Amino acid sequence: MNLRLVCTDFDGTLLPAGEEDDRSICPEFFSRLQQLKKRSGVVWVINTGRPWESLRSELERQRLPYWPDWVVLGEREVYRIEGRLPAPHRAWNQRCSELHRELFAATTSFWEGMRRFLQHETRAVYGQAEWSPLEILAADAGEADRIHKKILDWIAPFPDLSVQRNFAGFRFSHREIHKGSALQAVQEEIGLDAAVTLAAGDHHNDLPMLDRRYAAFLTCPVNAIPEVKDRVRGQGGFLASRPASAGIAEALSRFEACEA
Ligand SMILES: [Mg+2]
């Protein structure tokens, strides 16, 4: 097997989680990726929940030796990076918008109930946002767990509706639109498939892409949440012993050793 596509989540998977100012992606990750690029022209996708401006400013701050070839933003929209600017995958992004517009309009009782719950029973910050009628930031990890449980209970009658959680943040989407299906949209666009793809993630919103339907080689850094580690382990993936990008560098190195 020849690795041709490396799909990494960003926060917690490349960039260390936490609030320190000196958070950085380790040079070893880029040297491993560079070797793969030279050897087999590996394509690099950053698959994140961030919007473009937030990702762009962090990529600039990190002074990356090179930028990703593709990005997935908001766990849904797909863009090819050309000259450090995002060029939309128009057909996919349009399908995403249409699916979400219809779904969100058909689920008003869910949004009303959630808003009441958030207002009266939590200290969460919440509101309408670009990609979701409701984005929620819980006050702390315990409250995030409580909100997550409530969402999973209340979402059950709406089979097309799903939630993406990242740490204490929540965003809603169509069940067919997530990091996994967005990765598949990139694969179809460039003529590659799961057999030549590595996917790396650390949190709830990465679970849909940490699936052998989308990537034959699965990995996570040591700081990944237990659900992610279980998912990766359960499908024969590689659990790195180091955090964030150091862990993904370790995975790339191991993968190269297997290939050699
Ligand atoms: Mg993450």
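The values are calculated or read from the model by the stated rules, or taken from the named source; none is laboratory data. What you see is a predicted model, and the numbers here were worked out from it, not measured in a lab. Neighbour counts are summed over all protein chains in view; Cβ atoms, including those assigned to glycine, are modelled from backbone coordinates with ideal geometry. Surface areas here come from the heavy atoms of the whole protein model, side chains and all, with no ligands, DNA or RNA. Shrake-Rupley method; radii C 1.70, N 1.55, O 1.52, S 1.80 Å.
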Restricting to the stretch 203-260, what's the tally of residues that are assigned to a loop (DSSP other than H, G, I, E, B) and of a type outside the set (Asp, Glu)?
-> 20
Residue count, the stretch 182-213, condition away from the ligand (no atom under 15 Å from the Cβ) and in contact (Cβ under 8 Å) with a residue 12 or more places away in the chain, comes to 15
Inter-residue pairs, beta-carbon under 7 Å, first within 20 Å of Ile147 (Cβ to Cβ) and in the stretch 100-121, second of a type in the set (Phe, Trp, Tyr) and surrounded by 12 or more Cβ atoms within 10 Å (Cβ to Cβ), 6+ apart | Thr107/Phe158; Phe110/Trp154; Phe110/Phe158; Gly113/Trp154; Met114/Trp154; Leu118/Tyr126
Name the residues in the stretch 2-15 that are modelled with pLDDT of 95 or more, open to solvent by 10 Å² or more (accessible area, probe 1.4 Å) and not acidic (Asp, Glu), would you?
-> Arg4
The lone condition Val228 fails out of (1) in contact (Cβ under 8 Å) with a residue 40 or more places away in the chain; (2) closer than 26 Å to Glu135 by Cα; (3) touching a Cys at 6+ places or on another chain (Cβ under 6 Å) is (1)
Identify, by number, the condition in (1) in the same structural domain as Trp44 (by TED's automatic domain parsing); (2) more than 16 Å from Glu77 (Cα to Cα); (3) surrounded by 15 or more Cβ atoms within 10 Å (Cβ to Cβ) that Gln187 doesn't meet.
-> (2)
Count of residues meeting criterion [touching a Cys at 6+ places or on another chain (Cβ under 7 Å) and free of Cβ contacts under 8 Å to residues at least 24 places away in the same chain] in the stretch 152-181 = 0
The condition of being under 19 Å from Asp69 (Cα atoms), within 16 Å of the ligand (Cβ to nearest atom) and either open to solvent by 10 Å² or more (accessible area, probe 1.4 Å) or among the charged types (D, E, K, R) (or both) holds, among Lys229, Lys179, only for Lys179
